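Chemist: My questions all concern the structure below.
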Amino acid sequence: MTTDLGAQPRHEGDTGSVETFWPCVGALRVVPDFNSLFPQSGQNAAFAGATRPLCDRKLVTLEDQMSVLAKFYVFSSTHVAGHFTGTITDDFTSEFDPFSPHFGEKFSPANLPVAVKDWAGNEVSRVYSDMHGIYNGLSYSSFSVNPPDPSDISRR
């Protein structure tokens, strides 16, 4: 039975204090073959077929004068936001400003709008390029992956 990969409990110190990640001791269950968020996608689940405890309970060992931080990660099926970034360039002019990040390359016009539209052509959001023609933003997203996975998921 695979439960903790040999680390019990695990420690992490990148949060300013050393946190202890206590092992999960919920009801045992068999991990399904595919990720449960989108099982139709055919993406292989980590620990597929292994018997592992649910993480709705933690085994915490208290010592004298000790306080404990036990984290329970909440699952949300909300999609991750799509992030986009880019540079607007003008193919017919050159940048001669030595302080511009595009010096010696194509000119990048400032303050131009960049719109994100849905499948029907309706504008969803808009951002503007900065003084160097660079823009970035966030928009609604949907689930898709491009993993190096032999399950053929990336060809959909």
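Chemist: Taking the stated definitions as given, is residue 128 open to solvent by 50 Å² or more (accessible area, probe 1.4 Å) and of a type in the set (Ser, Thr, Tyr)?
Modeler: yes
Chemist: Residues in the stretch 66-82: is at least one assigned to a strand (DSSP E or B) and more than 30 Å from residue 37 (Cβ to Cβ)?
Modeler: Scanning the stretch 66-82 turns up no residue that is assigned to a strand (DSSP E or B) and more than 30 Å from residue 37 (Cβ to Cβ).
Chemist: Step by step: first the residues of the stretch 96-110, then only those that are of a type in the set (Phe, Trp, Tyr) and assigned to a loop (DSSP other than H, G, I, E, B), then the one that is surrounded by the fewest Cβ atoms within 10 Å (Cβ to Cβ). Which residue is that?
Modeler: Restricting to residues being of a type in the set (Phe, Trp, Tyr) and assigned to a loop (DSSP other than H, G, I, E, B), the top hit is 99.
Chemist: Continuing with the same structure: Which condition number does residue 113 fail, the rest of (1) touching a residue at least 40 places away in the same chain (Cβ under 8 Å); (2) surrounded by fewer than 12 Cβ atoms within 10 Å (Cβ to Cβ) being met?
Modeler: (1)
Chemist: Here is a list: 69, 28. Which entry is at pLDDT 85 or above, open to solvent by 60 Å² or more (accessible area, probe 1.4 Å) and farther than 30 Å from residue 136 by Cα?
Modeler: Among 69, 28, only 28 is at pLDDT 85 or above, open to solvent by 60 Å² or more (accessible area, probe 1.4 Å) and farther than 30 Å from residue 136 by Cα.
Chemist: Just one of (1) at pLDDT 90 or above; (2) open to solvent by less than 60 Å² (accessible area, probe 1.4 Å) trips up residue 42, so point out which.
Modeler: Just one mismatch for residue 42, condition (1).
Chemist: Looking only at residues in the stretch 77-95 that are loosely packed, with under 10 Cβ neighbours inside 10 Å and modelled with pLDDT under 85, which one is nearest to the chain's Cα centre (by Cα)?
Modeler: My answer is 80.
The values are calculated or read from the model by the stated rules, or taken from the named source; none is laboratory data. This is a predicted model, so every value here is computed, not measured. For neighbour counting, all protein chains shown are included, and Cβ atoms are generated from backbone atoms with ideal geometry for every residue, glycine included. Calculation scope for accessible area: heavy atoms of the full protein, side chains included, ligands and nucleic acids excluded. Shrake-Rupley method; radii C 1.70, N 1.55, O 1.52, S 1.80 Å.
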